[in-house]
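J.: The following block contains the structure, expressed as structure tokens.
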Amino acid sequence: MYQSMLPILKPLVFEGKSGVLQVTHKYDDQAKLFLREGIIEQIETKNLKGQQAAITCARWVNISVEFKEGVQESYTNDPKVDTNSFLSYLEKTSKTIKVITKRIPDDDTIFRINSKKLNRADKLHVDDFKIALLFDGKRSIEQILAMAGKSELAVLSHTCRLIFSGVAELVIQKDVMEKEDRIDFLKLLHEKLTELVGPAGSILVDDAFESIDSDPAMLTKKEIPLLIVEIGTLLDDEDQVELDAWGIAHL
């Protein structure tokens with residue numbers, strides 16, 4: 001879930017707690033903050049330590065946090081990890097995260113870019129435009145994060161700027177079929193149409209998806225009857241009857 005570690009870490013510091021604050025990031029990483037009497041003596045992620053680890057985990061947004069009070073693990077005290085500086089940075093990022101949680105429901109959310117508004121936007125930065133190019137109305141936030149080459153906080157912040165500018169528009173998510181089920185159905189559909197009309201069957205499927213304003217990657221079970229009917233309008237009567245019977249058997 002989107003959240004800042006600040007509401008949990010800050011009281012631990014002010015109350016002089018000792019132990020390990022474990023932060024689990026959705027995207028296959030984990031941080032450990034080692035506290036002794038309210039002072040952060042070391043921060044470690046899977047691959048980083050010290051200041052680099054601090055900068056990295058402070059930019060995580062989709063996290064879960066757990067404090068293990070009194071737990072002692074082996075670590076090397078790093079005097080360069082400054083508790084006050086780390087809290088100050090989290091204070092700033094927490095404000096941004098509050099905005100993010102109001103504008104972006106979760107990492108499955110999909111946005112499309114309004115190209116006309118994008119061309120007229122005069123308050124966006126170069127990096128905003130770079131992120132805008134990754135949104136195609138089909139990719140989720142999670143997919144954008146994998147492609148962007150930026151921290152999670154940066155990508156979500158740029159996305160919010162695009163939303164505020166009216167450039168990024170929420171795509172209402174559909175109950176999309178599971179990937180394997182969708183692939184299996186479309187494979188069988190192509191095979192059936194090849195049997196009925198030959199290689200032109202693939203073209204009929206593409207045209208039908210365009211007519212129902214959908215996409216193979218976003219197909220829902222509710223759209224299957226619409227797709228079958230639309231393809232049927234492009235067939236002769238005998239083939240249409242056979243396709244309808246096939247469609248009923250595969251619903």
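The values are calculated or read from the model by the stated rules, or taken from the named source; none is laboratory data. Nothing here was measured: the structure is a model prediction, and the numbers come from that model. Cβ placement follows ideal geometry from the backbone for every residue including glycine, while neighbour counts extend to all protein chains displayed. Only protein heavy atoms, including side chains, enter the accessible area calculation; ligands, DNA and RNA are left aside. Shrake-Rupley method; radii C 1.70, N 1.55, O 1.52, S 1.80 Å.
J.: Would you mind calculating the gained length between A146 and K92 on full extension (0.36 nm times residue separation, minus the Cα-Cα distance), in nm to one decimal?
T.: Extra length available between A146 and K92 comes to 17.0 nm.
J.: Over what distance in Å are the Cα centres of the stretch 32-72 and the stretch 181-251 separated?
T.: One Cα centre to the other: 53 Å.
J.: If you don't mind, there's one more thing I want to ask. Could you work out which residue, out of K187, K92, K117, moves most in a Gaussian network model of the chain, that is, has the largest mean-square fluctuation with Cα springs under 10 Å?
T.: Most flexible of the set in this elastic network: K187.
J.: Figure the gain on full extension for K68 and V126 (residue separation times 0.36 nm, minus the Cα-Cα span) and round it to one decimal in nm.
T.: Taking 0.36 nm per residue and subtracting the Cα distance, the gain is 16.6 nm.
J.: Now, a different point. Around A121, what is the net charge, scoring Lys/Arg as +1 and Asp/Glu as -1 over all other residues with Cβ under 11 Å from its Cβ?
T.: +3
J.: Given R₀ = 25 Å, what would the calculated FRET efficiency be for T76 paired with K10, taking r from the Cβ atoms and rounding to 0.05?
T.: FRET efficiency, T76 to K10: 0.50.
J.: Over the Cα atoms of the chain, what radius of gyration and what Dmax do you get, in Å?
T.: Considering the chain through its Cα atoms, Rg and Dmax are 25.2, 81 Å.
J.: Taking a threshold of 28 Å on the Cα-Cα distance, which of the pairs K32/K123; K10/K98; K95/K116 fall above it?
T.: K32/K123; K95/K116
J.: In deg cm²/dmol and to the nearest 500, what is the mean residue ellipticity at 222 nm of the chain if only DSSP H runs of at least 4 residues count, each as -39500 (n - 2.57), divided by the residue total?
T.: Only helices count here, giving -15000 deg cm²/dmol.
J.: Further question on the same structure: Mind putting a number on the dipole of the stretch 149-251 about its Cα centre? Charges go on the C-beta only, +1 for Lys and Arg and -1 for Asp and Glu, and I need it in Debye to the nearest 20.
T.: The dipole magnitude comes to about 840 debye.
J.: Would you work out what percent of the accessible area of the chain, with all protein chains in place, is carbon or sulfur (probe 1.4 Å)?
T.: Of all accessible area on the chain, carbon and sulfur atoms account for 50 percent.
J.: Modelled label-to-label distance, D28 and E195, 7 Å Cα→beta-carbon offset: nm?
T.: Taking the simple label geometry, D28 and E195 are separated by 4.1 nm.
J.: For the stretch 35-128, what is the accessible area per residue in Å², given a 1.4 Å probe and the full set of protein chains?
T.: Using a 1.4 Å probe on heavy atoms only, each residue of the stretch 35-128 averages 63 Å².
J.: Which lysines have a Cα less than 30 Å from the Cα of K179, not counting those fewer than 8 places away in the same chain?
T.: K26, K102, K130, K138, K150, K187, K192, K221, K222
J.: Assuming R0 = 22 Å, what is the FRET efficiency of F164 and L133, from their Cβ-Cβ distance, to the nearest 0.05?
T.: 0.75
J.: Quote the relative contact order of the chain in percent (integer), defining contacts as alpha-carbon pairs under 8 Å separated by 6+ residues.
T.: Computed over the chain, the figure is 14 percent.
J.: Working out 0.36 nm times the residue gap between L251 and D207, then minus their Cα-Cα distance, what length gain in nm do you get to one decimal?
T.: Separation in residues times 0.36 nm, less the Cα-Cα distance, equals 13.8 nm.
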